[in-house]
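Just so it is clear, none of the values below were taken in a lab; they were calculated from the coordinates. The shown structure was predicted, so the numbers you read here are calculated from the model rather than taken from an experiment. Because the Cβ atoms are built from the backbone with ideal geometry, glycine has one as well, and the counts that use them run over all protein chains shown.
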């Protein structure tokens, strides 16, 4: 059996900064990750001892998976894929949700 087996690679041949720049460059240059209307996907790539964390927004689940594969192919030992899928028709930028305002209790 393969209990406790984790699919990881040996340490990358690139140092963390080089790996980060390479992944960012490849993702930025790939037209798959353009969101339309001339906008590009917003990515944040962090690398710590060969382990890559991806954050940002992509159009589809397939794009999310492709970013993961690109990072692994370029030498990531592991990938923590925290990319979110853009909501249809959503405006770029952070969303703010406000709680409903409650009026103070009435005196009896």
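General observations
- Pairwise FRET efficiency - residue 34 versus residue 73, Cβ, R0 = 30 Å, nearest 0.05: 0.90
- Full-stretch length increase - residue 81, residue 44 - with 0.36 nm per residue and alpha-carbon distance subtracted: 12.3 nm
- Based on every Cα atom in the range 16-85, Rg and the maximum pairwise Cα distance Dmax equal 11.1, 36 Å.
- Share, in percent, of DSSP beta bridges within the range 16-85 that are antiparallel, nearest 5: 55
- In percent, rounded to a whole number, the relative contact order of the range 16-85 is 33, using alpha-carbon pairs under 8 Å and six or more apart.
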